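J.: Sharing a structure with you now.
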Amino acid sequence: MFFLRTGINPYAQFEKAFVKGGENYKYYDLPSIDPKYDQLPFSIRVLLESAVRNCDNFHILKKDVECILNWKPDNRLGQNDEEISFKPARVILQDFTGVPAVVDFAAMRDAVLELGGNPEKINPICPADLVIDHSVQVDFSGTSDALAKNQNLEFERNKERFTFLKWGARAFDNMLIVPPGSGIVHQVNLEYLARVVFETDTEGGKILYPDSVVGTDSHTTMINGLGVLGWGVGGIEAEAVMLGQAISMLLPEVIGYKLVGKLGPLATSTDLVLTVTKHLRQLGVVGKFVEFYGPGVAELSIADRATISNMCPEYGATVGYFPIDENTLTYMKQTNRSEKKIDIIRQYLLATRQMRNYADESQDPRFTETITLDLSTVVTSVSGPKRPHDRVSVKDMKADFAVCLTNPVGFKGFAIAPDSLHASGQFQWDDNKSYTIKHGSVVIAAITSCTNTSNPSVMLGAGLLAKKAVERGLSIMPYIKTSLSPGSGVVTYYLKESGVIPYLEKLGFNIVGYGCMTCIGNSGPLDENVVNTIEKNGLVCCGVLSGNRNFEGRIHPNTRANYLASPLLVIAYAIAGRVDIDFETEALGIDNDGKKVFLRDIWPTRNEIQEVENKHVIPAMFQEVYSKIELGSKEWQTLHVSESKLYPWSGVSTYIKRPPFFEGMALMLPPLRSIRNARCLLYLGDSVTTDHISPAGSIARNSPAARYLSENGLTPKDFNSYGSRRGNDAVMARGTFANIRLVNKLLTKTGPRTTHIPSQEEMDIFDCAERYREEGTPLILLVGKDYGSGSSRDWAAKGPFLLGIKAVIAESYERIHRSNLVGMGIIPLQFLPGQNAESLGLSGREVYNINIPEQGLKPGQHIQVEADCNVFDTILRFDTEVDITYYKNGGILNYMIRKMLN
């Protein structure tokens with residue numbers, strides 16, 4: 001695997017061995033290489049081990065090892081940038097990005113064959129775990145058979161995708177596939193797939209090395225909670241890694257985040273992570289590693305740590321890493337990893353000094369910067385109404401929402417006019433009763449699978465709260481769409497064993513499926529009476545969910561305000577029916593005896609929850625669930641799959657289509673050319689997310705994608721979602737920038753439209769891009785800060801590429817999206833510090849020339865842009881020489897094809 005070398009490893013003398021259970025194990029003795037090792041952050045030690053083990057002075061150079069070994073706290077990004085190469089141990093894919101990855105692989109095989117090469121070279125070298133945590137739209141909720149109904153419907157909708165993935169698992173070597181209905185990728189990774197320490201057979205025994213992973217979902221970082229170094233990359237970069245390409249990266253700053261004290265009896269891991277997210281986002285940690293240390297870490301369970309690591313993309317860091325300690329190994333035992341495996345892991349980690357004792361300050365490494373949080377100061381919180389890092393303490397929620405209503409339109413504002421603040425509307429429900437909703441009314445309440453359902457403490461806490469609420473006679477309004485989508489079958493198992501399922505179901509929180517649901521926009525349709533009432537009265541109604549993200553337009557078109565909350569608070573706000581409630585002074589409802597019931601009366605303490613968790617979350621559950629996980633359902637087992645190594649593309653499929661990325665590709669590199677006479681397709685502001693660029697949710701009936709599907713004979717009920725159609729470039733190009741909340745400064749109204757500048761005609765974005773293509777006009781984007789935040793969505797780069805966008809000029813970029821743009825051959829340019837489009841007087845209506853030198857292109861150099869008579873410099877955000885190599889080739893995948901053919 002990683003041990004085929006073109007040269008002798010210069011660190012071979014540091015290889016050592018031990019015998020365990022009659023087997024020989026080898027490893028690299030990192031501490032003996034240099035005394036500086038013991039001062040390195042534990043996350044940097046993982047990078048170092050990979051460089052040492054893979055050093056062949058070809059792919060991984062000796063200078064890479066020396067660079068990592070000489071990591072210094074004052075190595076600030078942008079000042080003393082050091083480029084290194086890193087080979088992760090494995091890649092993890094989920095099917096939303098797994099489908100396009102396998103599509104690209106299949107298309108690459110065709111391209112290699114057409115160019116006269118051997119298509120068998122397109123085969124994963126790095127192990128790939130592919131989890132089909134398919135997006136489940138919650139068409140059915142609030143019924144005991146909702147799970148079966150939703151999953152049957154999803155299998156009907158996605159059968160073609162599943163068949164294609166099953167073909168991919170057979171066609172490509174070294175790929176493990178976890179079938180649909182098993183759980184969400186991150187939780188399956190945590191509970192089952194993660195090795196913590198790899199064992200690979202070599203001559204003379206097994207070689208041990210730390211598990212490390214890159215994944216095609218930004219929340220791959222969840223695995224950092226188990227001490228596995230991992231982060232999200234675009235699908236494009238992941239494909240290159242699967243083909244043996246090292247990741248080129250800048251040696252990161254490492255922020256030490258010290259935890260002290262203990263969480264209070266009423267605080268949850270969600271409250272903690274929302275606090276950390278706001279804190280680190282304010283600090284600014286994009287492109288940096290965050291490593292947690294201090295005695296407070298030992299007080300957190302692995303599930304608590306994983307919750308914090310999972311939200312890493314929301315605070316912007318590359319990783320949120322918790323080094324391995326005895327709690328990690330205890331969790332491995334709890335999740336049914338073998339005693340033998342755990343003993344080998346412990347011996348290896350102790351030998352290489354990669355095992356932490358958080359109480360021992362002498363083990364604390366040096367950090368670029370340190371921050372301290374006292375866990376006892378964490379209070380019950382939510383985040384919203386539009387961003388995950390806008391934390392609000394629950395005691396301030398009522399006042400905060402009132403302010404948001406009247407604030408100007410923005411991340412904390414809806415600009416509701418004073419005479420509309422008390423607007424409300426009535427509608428009839430199936431029970432023949434009339435209900436009233438107003439600003440702040442909850443219409444969606446979802447305990448959803450990503451962040452919180454990895455954590456038994458908050459899931460069991462929600463169950464206990466539901467039990468107490470039902471016993472006091474509390475209920476939830478029938479029009480509120482409630483759902484429970486666990487991260488794995490283990491969650492269902494311990495909820496049933498602890499006896500809380502009936503109480504959750506009584507409140508409407510039935511299990512509706514396993515996968516990405518409400519958090520990614522698959523909450524399913526709201527009742528038409530509710531929708532009509534919201535729209536007719538201009539109401540700011542709310543969704544409350546235990547997910548990661550609440551960006552505008554993501555959760556549901558009719559929930560303008562969305563709040564992230566713990567599963568316990570999701571239930572609490574659903575019972576209240578509104579978010580503008582002060583839980584301290586206002587009752588949730590009236591009990592069976594006519595007494596007021598306050599939230600404090602039914603809120604379980606951490607001790608109560610811990611007692612239930614200790615009793616019911618046991619290894620046998622994990623063994624039962626995961627012993628048959630790779631088998632899949634009967635529907636999966638009976639899927640017929642082609643035996644062909646080359647995929648038999650269908651000319652009529654609306655799900656799987658050969659992409660055009662390699663069409664017209666030649667073996668010779670094309671010459672570099674400047675961009676001339678370009679037009680601005682969109683002029684966007686700050687915090688434009690990948691959901692704005694490439695939404696994953698429902699396909700609007702009046703959209704270009706809907707027109708395409710209708711032309712291909714589909715009716716709206718079969719449109720499915722953008723996420724499910726990521727294997728079809730024709731749909732995805734039409735869905736680029738299709739978010740209904742997109743704010744384009746070339747227009748006065750919100751929505752997925754723009755202006756064709758020469759004609760001044762307003763039109764859909766895809767149609768406008770096509771008009772420019774017919775005219776031979778290249779395109780650019782003007783954007784603000786944090787462009788491309790959110791999910792590591794490769795279609796957020798592929799889509800713009802297909803629209804003809806050649807360059808983006810932004811104030812700043814989110815790490816993964818910048819990398820994705822480079823991977824598709826799009827130039828990321830950055831305004832100089834203190835400048836932006838507005839300060840330079842740009843309207844977006846100019847003709848743009850971008851002067852790219854034909855020779856001597858360098859990372860970070862200044863690039864001149866001409867916008868009519870306005871001339872200004874930008875920073876070329878090719879951060880490494882490898883970035884430039886990819887750009888010259890037209891992208892990573894084109895580079896990989898040429899590399900295999902030469």
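J.: Mind listing just one residue for me: the one in segment 211-247 that is charged (D, E, K, R) and open to solvent by less than 10 Å² (accessible area, probe 1.4 Å) and, of those, modelled with the lowest pLDDT?
T.: Checked segment 211-247; the qualifying residue modelled with the lowest pLDDT is Glu239.
J.: Going through Arg725, Arg753 one at a time, which residue ends up being basic (Lys, Arg) and open to solvent by less than 40 Å² (accessible area, probe 1.4 Å)?
T.: Exactly one residue qualifies, and that residue is Arg725.
J.: Okay, moving on. Look through Val138, Val178, Val185 and report the one residue that is within 21 Å of the chain's Cα centre (by Cα) and farther than 30 Å from Leu349 by Cβ.
T.: Exactly one of Val138, Val178, Val185 is within 21 Å of the chain's Cα centre (by Cα) and farther than 30 Å from Leu349 by Cβ, namely Val138.
J.: Tally up the residues in segment 731-760 that are at pLDDT below 95, more than 26 Å from the chain's Cα centre (by Cα) and among the hydroxyl-bearing types (Ser, Thr, Tyr), please.
T.: The qualifying residues number 1.
J.: While we're on this one: For segment 761-850, which fully contained strands (runs of 3 or more DSSP E) count at least 1 residues that are within 22 Å of Asp691 (Cβ to Cβ) and over 19 Å from the mean Cα position of the chain (by Cα)?
T.: Once the strands (runs of 3 or more DSSP E) in segment 761-850 are filtered for at least 1 residues that are within 22 Å of Asp691 (Cβ to Cβ) and over 19 Å from the mean Cα position of the chain (by Cα), what remains is 761-764, 779-782, 805-810, 827-831.
J.: Within segment 596-619, which residues are open to solvent by 60 Å² or more (accessible area, probe 1.4 Å) and among the aliphatic types (A, V, I, L, M)?
T.: Ile618
J.: Here is a further query. Which members of segment 133-145 meet the condition of being surrounded by 21 or more Cβ atoms within 10 Å (Cβ to Cβ) and either assigned to a helix (DSSP H, G or I) or at pLDDT 85 or above (or both)?
T.: none
J.: If we keep just the residues of segment 852-902 that are modelled with pLDDT of 95 or more and of a type in the set (Asp, Glu), which is farthest from Ile827 (Cα to Cα)?
T.: Ranking the qualifying residues of segment 852-902, first place goes to Asp868.
J.: For the condition farther than 27 Å from Asp390 by Cα and either touching a residue at least 40 places away in the same chain (Cβ under 8 Å) or in a strand (DSSP E or B) (or both), what is the one hit in Leu682, Leu709?
T.: Result of the check over Leu682, Leu709: Leu709.
J.: Okay, moving on. Which one of these does Gly316 not meet: (1) touching a residue at least 24 places away in the same chain (Cβ under 8 Å); (2) on the phi < 0 side of the Ramachandran plot?
T.: (2)
J.: Hey, could you check segment 318-357 for residues that are surrounded by fewer than 24 Cβ atoms within 10 Å (Cβ to Cβ) and of a type in the set (Gly, Ala, Ser) and say which is modelled with the highest pLDDT?
T.: Ala351
J.: Can you list the strands (runs of 3 or more DSSP E) lying wholly within segment 374-446 that have 1 or more residues being open to solvent by less than 40 Å² (accessible area, probe 1.4 Å), touching a Leu at 6+ places or on another chain (Cβ under 6 Å) and touching a residue at least 40 places away in the same chain (Cβ under 8 Å)?
T.: 381-383
J.: From the list Ile757, Ile765, which residue is within 11 Å of Arg679 (Cα to Cα) and in contact (Cβ under 8 Å) with a residue 12 or more places away in the chain?
T.: Ile757
J.: Among the candidates Thr492, Thr518, which residue alone is open to solvent by 10 Å² or more (accessible area, probe 1.4 Å) and among the polar types (S, T, N, Q)?
T.: The match here is Thr492.
J.: Could you tell me whether any residue of segment 580-587 is without any contact (Cβ under 8 Å) to a residue 40 or more places away in the chain, at positive phi and not in a helix (DSSP H, G or I)?
T.: no
J.: Out of curiosity, is Glu552 open to solvent by 30 Å² or more (accessible area, probe 1.4 Å), over 25 Å from Ile693 (Cβ atoms) and in a loop (DSSP other than H, G, I, E, B)?
T.: No, not satisfied.
J.: Among the listed residues Gly553, Gly589, Gly577, identify the single one that is more than 30 Å from Phe737 (Cβ to Cβ) and at pLDDT below 95.
T.: Sole residue among the options that is more than 30 Å from Phe737 (Cβ to Cβ) and at pLDDT below 95: Gly589.
J.: Follow-up question, since we're still on this one. With respect to the numbered conditions (1) at pLDDT below 90; (2) more than 26 Å from the chain's Cα centre (by Cα); (3) buried (at least 16 other Cβ atoms within 10 Å of the Cβ); (4) hydrophobic (A, V, I, L, M, F, W, C), which one is the sole condition not fulfilled by Ile629?
T.: It fails just one condition, (2).
J.: Tell me, which helices (runs of 4 or more DSSP H) lie completely within segment 20-128 with 3 or more residues that are open to solvent by 10 Å² or more (accessible area, probe 1.4 Å) and modelled with pLDDT of 90 or more?
T.: Filter on segment 20-128 gives 62-69, 95-114.
J.: Pick from segment 285-317 the residues that are touching a Pro at 6+ places or on another chain (Cβ under 7 Å) and open to solvent by 10 Å² or more (accessible area, probe 1.4 Å): which of them is modelled with the lowest pLDDT?
T.: Only one residue tops the list, namely Gly287.
J.: Among the hydrophobic types (A, V, I, L, M, F, W, C) and either more than 27 Å from Gly844 (Cα to Cα) or assigned by the TED database to the domain that holds Tyr315 (or both), is that true of Leu709?
T.: yes
The values are calculated or read from the model by the stated rules, or taken from the named source; none is laboratory data. These numbers come from a predicted model, not from an experiment. Every residue, glycine among them, receives a Cβ derived from its backbone with ideal geometry; neighbour counts consider all protein chains shown. Only protein heavy atoms, including side chains, enter the accessible area calculation; ligands, DNA and RNA are left aside. Shrake-Rupley method; radii C 1.70, N 1.55, O 1.52, S 1.80 Å.
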